[in-house]
1. What is the extension gain from T75 to R110, computed as 0.36 nm multiplied by their sequence separation minus the C-alpha to C-alpha distance, in nm to one decimal?
2. Based on a Kirkwood Rh over C-alpha pairs, give the Stokes-Einstein translational diffusion coefficient of the range 119-168 at 20 °C and viscosity 1.002 mPa s in µm²/s.
3. Report the per residue volume, in Å³, of the convex hull enclosing the C-alpha atoms of the range 52-137.
4. Rounded to the nearest whole Å², what accessible area per residue is found for the chain with the 1.4 Å probe?
5. For the chain, what does the helix formula give at 222 nm: sum of -39500 (n - 2.57) over DSSP H segments with n ≥ 4, over the residue count, nearest 500 deg cm²/dmol?
6. Whole number please: convex hull volume per residue of the Cα set in the range 1-102, in Å³?
7. Please list 3J(HN,Hα) in residue order for the range 20-32, calculated via the Karplus relation 6.51 cos²θ - 1.76 cosθ + 1.60 where θ = phi - 60°; whole Hz, with x for glycine and proline.
8. Pairs of Cα atoms under 8 Å, at least six residues apart: use those to get the relative contact order of the range 112-178, whole percent.
Amino acid sequence: ARYLLGRVHDLMNERPEAEADYRGVLEWWEKRKTDGPVPEYVTRAGFYDGVILGDEGKVAEAIEKLRAYGGDVKTERGAEAAVRIGMLQVKAKQYAQAIETLRPVCEDSRFGDQALWFTARAVMAAAPADGGGDAAKREAEFKRATEKLEQAAEKAGALAAAGDAEARLRRADEMLEL
């Protein structure tokens, strides 16, 4: 029940209340752990707590929570966790780590456009402003980032055509960055 209350608070943008409920679920589980598998609602509580921490700018804590509760990158929650971790790493200027984190998700049907978009951002941000004295290197990095943005816009367009309204908005943002 506490997890569901946390989701309601979260969806109503009542973040402090949601965070308290998610942490309450995690604390409750820590006290009652068994040898069996972790219940899904406990895993989701940890995941959403990580999302809130990221939104609050607590990058290191958020990454730790998302890694702990995100799961396998081949699952929907795992792919979303990887994208969120990559976004946080870009925010923290950890560009090489972000590129590595996002790489396995770039082909994902649901989150691939977001992974490509933030990979492009990381590539551009990681390239030195003067190309390290090498204009050709800077141009190659710019081209690589542009290709990633084009792929992201294409994937978001396919999702938008399938009725995903959020993908339609992301596609517009991706096209503006091109």
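The values are calculated or read from the model by the stated rules, or taken from the named source; none is laboratory data. Given the structure is predicted, the values throughout are model-derived calculations rather than measurements. Every residue, glycine as well, gets a Cβ built from its backbone with ideal geometry; the counts of neighbours run over all protein chains shown. Areas reflect the complete protein model, heavy atoms only, side chains present, ligands, DNA and RNA absent. Shrake-Rupley method; radii C 1.70, N 1.55, O 1.52, S 1.80 Å.
1. Details: separation 35, 0.36 × 35 = 12.60 nm, distance 1.04 nm.
Computed gain between T75 and R110 is 11.6 nm.
2. Working: Rh = 11.9 Å.
In µm²/s, the coefficient is 180.
3. 89 Å³
4. Averaged over the residues of the chain, the accessible area is 56 Å².
5. -25000 deg cm²/dmol
6. Working: hull volume 9.8 nm³, N = 102.
Enclosed volume per residue, from the Cα hull, is 96 Å³.
7. 4, 5, 4, 5, x, 5, 5, 5, 4, 5, 4, 6, 10
8. About 34 percent, as a whole number.
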